[in-house]
Amino acid sequence: MPSTPPTSPALLSHDEALRELDRNRQRLMLLQNILESPHGVIFFSLDTAYRYTSFARAHAQTMKAIWGATIEIGTCMLEVIRDEADRQKAKANFDAALAGENLLKEEEYGDANLQRTFWENRYSPLYDDAGAIAGLTVFVTDITERRRAAENLAKAQHELSLSLENQLRQLRGIIPICSYCKKIRNDDQSWQQLEAYISAHSDALFSHGICPTCFDRQMALHDAE
(Lines give C-alpha, C1' and ligand atoms only; values in the text may rest on other atoms or scores of the structure.)
Protein backbone atom coordinates (compact mmCIF):
# COMPACT_ATOMS: atom_id res chain seq x y z
CA MET A 1 0.00 0.00 0.00
CA PRO A 2 1.56 3.33 -1.04
CA SER A 3 2.23 5.80 1.73
CA THR A 4 0.72 9.32 1.82
CA PRO A 5 3.36 11.95 0.95
CA PRO A 6 4.11 14.37 3.75
CA THR A 7 2.73 17.92 3.52
CA SER A 8 5.32 20.40 2.32
CA PRO A 9 6.29 23.06 4.92
CA ALA A 10 6.80 25.53 2.08
CA LEU A 11 3.21 24.93 0.92
CA LEU A 12 1.89 25.58 4.44
CA SER A 13 3.91 28.81 4.64
CA HIS A 14 2.48 29.92 1.30
CA ASP A 15 -1.11 29.22 2.48
CA GLU A 16 -0.52 31.13 5.69
CA ALA A 17 0.85 34.06 3.71
CA LEU A 18 -2.27 34.08 1.54
CA ARG A 19 -4.52 33.99 4.59
CA GLU A 20 -2.57 36.82 6.21
CA LEU A 21 -2.79 38.82 2.99
CA ASP A 22 -6.55 38.28 2.93
CA ARG A 23 -6.87 39.35 6.58
CA ASN A 24 -4.87 42.50 5.85
CA ARG A 25 -7.07 43.23 2.85
CA GLN A 26 -10.17 42.91 5.03
CA ARG A 27 -8.69 45.20 7.67
CA LEU A 28 -7.84 47.74 4.99
CA MET A 29 -11.38 47.59 3.59
CA LEU A 30 -12.82 48.01 7.09
CA LEU A 31 -10.58 51.03 7.73
CA GLN A 32 -11.57 52.55 4.37
CA ASN A 33 -15.28 52.05 5.17
CA ILE A 34 -14.78 53.70 8.56
CA LEU A 35 -13.10 56.69 6.91
CA GLU A 36 -15.82 56.98 4.27
CA SER A 37 -18.76 56.67 6.67
CA PRO A 38 -19.01 60.04 8.55
CA HIS A 39 -21.30 62.39 6.62
CA GLY A 40 -19.66 65.73 5.86
CA VAL A 41 -16.27 64.67 7.29
CA ILE A 42 -13.38 64.14 4.86
CA PHE A 43 -10.01 62.49 5.56
CA PHE A 44 -6.65 62.54 3.83
CA SER A 45 -3.01 61.96 4.76
CA LEU A 46 0.28 63.22 3.32
CA ASP A 47 3.93 62.27 3.63
CA THR A 48 6.70 64.74 4.49
CA ALA A 49 6.86 65.86 0.83
CA TYR A 50 3.12 66.73 0.87
CA ARG A 51 2.27 63.70 -1.32
CA TYR A 52 -0.95 61.76 -0.77
CA THR A 53 -0.58 58.48 1.11
CA SER A 54 -4.35 57.97 1.52
CA PHE A 55 -7.61 59.85 1.07
CA ALA A 56 -11.35 59.31 1.28
CA ARG A 57 -13.40 59.19 -1.90
CA ALA A 58 -15.19 62.38 -0.80
CA HIS A 59 -11.85 64.22 -0.70
CA ALA A 60 -11.10 63.28 -4.30
CA GLN A 61 -14.55 64.54 -5.28
CA THR A 62 -13.95 67.79 -3.40
CA MET A 63 -10.58 68.42 -5.06
CA LYS A 64 -12.25 67.91 -8.42
CA ALA A 65 -15.03 70.36 -7.50
CA ILE A 66 -12.94 73.19 -6.04
CA TRP A 67 -9.70 72.82 -8.06
CA GLY A 68 -10.75 70.85 -11.14
CA ALA A 69 -7.99 68.32 -10.32
CA THR A 70 -7.87 64.52 -10.37
CA ILE A 71 -5.71 63.20 -7.52
CA GLU A 72 -4.13 59.82 -6.83
CA ILE A 73 -1.74 58.30 -4.29
CA GLY A 74 1.61 60.06 -4.72
CA THR A 75 0.16 63.33 -6.05
CA CYS A 76 1.69 66.39 -4.37
CA MET A 77 -1.25 68.28 -2.90
CA LEU A 78 0.51 71.66 -3.08
CA GLU A 79 0.81 71.28 -6.86
CA VAL A 80 -2.97 70.85 -7.08
CA ILE A 81 -3.75 74.05 -5.14
CA ARG A 82 -3.39 76.68 -7.86
CA ASP A 83 -4.24 79.78 -5.80
CA GLU A 84 -0.98 81.15 -4.38
CA ALA A 85 -2.50 82.46 -1.13
CA ASP A 86 -4.31 79.16 -0.51
CA ARG A 87 -1.15 77.18 -1.33
CA GLN A 88 0.98 79.16 1.15
CA LYS A 89 -1.73 78.86 3.79
CA ALA A 90 -1.97 75.08 3.31
CA LYS A 91 1.83 74.66 3.35
CA ALA A 92 2.13 76.58 6.62
CA ASN A 93 -0.48 74.30 8.21
CA PHE A 94 1.19 71.15 6.84
CA ASP A 95 4.61 72.29 8.08
CA ALA A 96 3.20 72.97 11.56
CA ALA A 97 1.75 69.45 11.73
CA LEU A 98 5.04 67.97 10.44
CA ALA A 99 6.77 69.85 13.27
CA GLY A 100 4.55 68.04 15.78
CA GLU A 101 1.71 70.52 16.27
CA ASN A 102 -2.00 69.73 16.34
CA LEU A 103 -4.05 72.47 14.67
CA LEU A 104 -7.76 73.30 14.41
CA LYS A 105 -8.63 76.02 11.90
CA GLU A 106 -11.60 77.39 9.98
CA GLU A 107 -10.47 78.22 6.45
CA GLU A 108 -11.72 78.95 2.95
CA TYR A 109 -10.27 77.19 -0.08
CA GLY A 110 -11.01 76.80 -3.78
CA ASP A 111 -10.68 78.28 -7.23
CA ALA A 112 -12.77 81.45 -7.39
CA ASN A 113 -13.83 80.46 -10.91
CA LEU A 114 -15.10 77.07 -9.72
CA GLN A 115 -16.13 76.97 -6.06
CA ARG A 116 -14.95 78.52 -2.78
CA THR A 117 -15.91 76.57 0.34
CA PHE A 118 -15.36 76.92 4.09
CA TRP A 119 -13.78 74.09 6.09
CA GLU A 120 -13.02 73.21 9.68
CA ASN A 121 -9.63 71.51 9.39
CA ARG A 122 -7.90 69.34 12.02
CA TYR A 123 -4.19 68.81 11.29
CA SER A 124 -2.17 66.19 13.21
CA PRO A 125 1.30 64.65 12.85
CA LEU A 126 1.51 61.01 11.74
CA TYR A 127 4.17 58.88 13.48
CA ASP A 128 5.91 55.72 12.27
CA ASP A 129 6.71 52.66 14.43
CA ALA A 130 9.97 54.25 15.57
CA GLY A 131 8.17 57.36 16.81
CA ALA A 132 9.43 59.64 14.06
CA ILE A 133 7.04 61.94 12.18
CA ALA A 134 6.36 60.32 8.81
CA GLY A 135 3.61 62.59 7.58
CA LEU A 136 0.35 64.18 8.66
CA THR A 137 -3.37 63.49 8.73
CA VAL A 138 -6.13 66.00 8.08
CA PHE A 139 -9.80 65.62 8.99
CA VAL A 140 -11.94 68.31 7.38
CA THR A 141 -15.61 69.21 7.83
CA ASP A 142 -17.54 71.28 5.30
CA ILE A 143 -18.95 74.28 7.22
CA THR A 144 -19.87 76.36 4.17
CA GLU A 145 -23.60 76.40 4.92
CA ARG A 146 -23.01 77.25 8.57
CA ARG A 147 -20.61 80.10 7.73
CA ARG A 148 -22.86 81.57 5.05
CA ALA A 149 -25.90 81.35 7.33
CA ALA A 150 -23.92 83.21 10.01
CA GLU A 151 -22.82 85.83 7.47
CA ASN A 152 -26.39 86.30 6.21
CA LEU A 153 -27.63 86.67 9.80
CA ALA A 154 -24.93 89.24 10.58
CA LYS A 155 -25.79 91.15 7.40
CA ALA A 156 -29.51 91.15 8.23
CA GLN A 157 -28.80 92.35 11.78
CA HIS A 158 -26.57 95.13 10.43
CA GLU A 159 -29.21 96.25 7.93
CA LEU A 160 -31.88 96.23 10.66
CA SER A 161 -29.64 98.27 12.93
CA LEU A 162 -29.02 100.81 10.17
CA SER A 163 -32.75 101.01 9.42
CA LEU A 164 -33.67 101.59 13.07
CA GLU A 165 -30.89 104.15 13.46
CA ASN A 166 -32.07 105.96 10.36
CA GLN A 167 -35.66 106.08 11.59
CA LEU A 168 -34.61 107.35 15.01
CA ARG A 169 -32.40 109.99 13.40
CA GLN A 170 -35.26 111.23 11.26
CA LEU A 171 -37.47 111.97 14.29
CA ARG A 172 -34.69 113.19 16.54
CA GLY A 173 -33.93 116.82 17.40
CA ILE A 174 -36.07 120.00 17.40
CA ILE A 175 -39.06 119.84 15.06
CA PRO A 176 -40.51 123.27 14.10
CA ILE A 177 -44.30 123.08 14.51
CA CYS A 178 -47.00 125.75 14.20
CA SER A 179 -48.49 126.46 17.61
CA TYR A 180 -51.93 126.99 16.02
CA CYS A 181 -52.53 124.54 13.19
CA LYS A 182 -49.79 122.06 14.28
CA LYS A 183 -48.29 121.83 10.81
CA ILE A 184 -44.56 121.03 10.68
CA ARG A 185 -42.00 122.97 8.66
CA ASN A 186 -39.91 120.78 6.33
CA ASP A 187 -36.30 121.30 5.32
CA ASP A 188 -37.48 123.02 2.12
CA GLN A 189 -39.41 125.55 4.31
CA SER A 190 -42.81 124.18 3.25
CA TRP A 191 -45.42 123.27 5.87
CA GLN A 192 -46.82 119.76 6.17
CA GLN A 193 -49.64 118.21 8.17
CA LEU A 194 -48.40 116.53 11.37
CA GLU A 195 -49.75 113.12 10.29
CA ALA A 196 -48.13 113.34 6.86
CA TYR A 197 -44.78 114.39 8.32
CA ILE A 198 -44.63 111.55 10.86
CA SER A 199 -45.76 108.99 8.27
CA ALA A 200 -43.04 110.17 5.87
CA HIS A 201 -40.32 109.92 8.51
CA SER A 202 -41.32 106.66 10.20
CA ASP A 203 -43.35 103.51 9.75
CA ALA A 204 -46.27 104.96 11.73
CA LEU A 205 -49.76 105.14 10.19
CA PHE A 206 -52.74 107.17 11.44
CA SER A 207 -56.42 106.46 11.92
CA HIS A 208 -58.71 109.40 12.64
CA GLY A 209 -61.39 109.77 15.26
CA ILE A 210 -62.64 112.56 17.56
CA CYS A 211 -61.93 113.12 21.22
CA PRO A 212 -64.77 114.01 23.69
CA THR A 213 -63.64 117.65 24.05
CA CYS A 214 -63.63 118.23 20.30
CA PHE A 215 -66.90 116.36 19.94
CA ASP A 216 -68.61 118.69 22.44
CA ARG A 217 -67.10 121.76 20.74
CA GLN A 218 -68.25 120.66 17.29
CA MET A 219 -71.74 119.86 18.55
CA ALA A 220 -71.99 123.29 20.16
CA LEU A 221 -70.98 124.96 16.89
CA HIS A 222 -73.48 122.85 15.04
CA ASP A 223 -76.30 123.79 17.44
CA ALA A 224 -75.34 127.48 17.20
CA GLU A 225 -75.86 127.35 13.48
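Scoring Tyr109 on the criteria (1) hydroxyl-bearing (Ser, Thr, Tyr); (2) touching a Phe, Trp or Tyr at 6+ places or on another chain (Cβ under 9 Å); (3) within 18 Å of Arg51 (Cβ to Cβ) leaves a single failure, condition (3). The residue that is farthest from the chain's Cα centre (by Cα), among those in the range 96-119 that are part of a strand (DSSP E or B) and not charged (D, E, K, R), is Leu103.
Rundown of residues vs (1) among the polar types (S, T, N, Q); (2) at pLDDT 85 or above; (3) not assigned by TED's automatic domain parsing to the domain that holds Glu79, yes/no style:
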position	(1), (2), (3)
Ala112	no, yes, no
Phe118	no, yes, no
Asn121	yes, yes, no
Ala134	no, yes, no
Thr137	yes, yes, no
Asp142	no, yes, no
Ser161	yes, no, yes
Glu165	no, no, yes
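Screening Ala85 with (1) part of a helix (DSSP H, G or I); (2) surrounded by 12 or more Cβ atoms within 10 Å (Cβ to Cβ); (3) of a type outside the set (Asp, Glu) gives one miss only, at (2). Look at (1) loosely packed, with under 13 Cβ neighbours inside 10 Å; (2) without any contact (Cβ under 8 Å) to a residue 12 or more places away in the chain; (3) within 24 Å of Ile73 (Cα to Cα) and you find that Gly100 fails only one, number (2).
A count restricted to the range 180-225 and to residues that are more than 30 Å from Glu165 (Cα to Cα) and of a type in the set (S, T, N, Q) stands at 2. For the range 55-82, what are the residues that are buried (at least 16 other Cβ atoms within 10 Å of the Cβ) and of a type outside the set (A, V, I, L, M)? Across the range 55-82, the qualifying residues are Phe55, His59, Thr62, Trp67, Thr75. Look through the range 125-148, keep the residues that are hydrophobic (A, V, I, L, M, F, W, C) and in a strand (DSSP E or B), and return whichever of them is farthest from Leu103 (Cα to Cα). My answer is Ala134.
Return the only residue of Tyr197, Tyr180 being not in a loop (DSSP other than H, G, I, E, B) and not assigned by TED's automatic domain parsing to the domain that holds Phe44.
Just a single option satisfies the conditions, and that option is Tyr197.
Answer with yes or no whether Phe215 is surrounded by 10 or more Cβ atoms within 10 Å (Cβ to Cβ), of a type in the set (Phe, Trp, Tyr) and part of a loop (DSSP other than H, G, I, E, B). No.
Condition check for Gly173 on (1) of a type outside the set (Lys, Arg); (2) modelled with pLDDT of 80 or more; (3) in a loop (DSSP other than H, G, I, E, B): one failure, at (2).
The values are calculated or read from the model by the stated rules, or taken from the named source; none is laboratory data. No experiment lies behind these values; they were computed from the predicted model shown. Glycine gets a Cβ as well: all are built from the backbone with ideal geometry, and neighbour counts include every protein chain shown.
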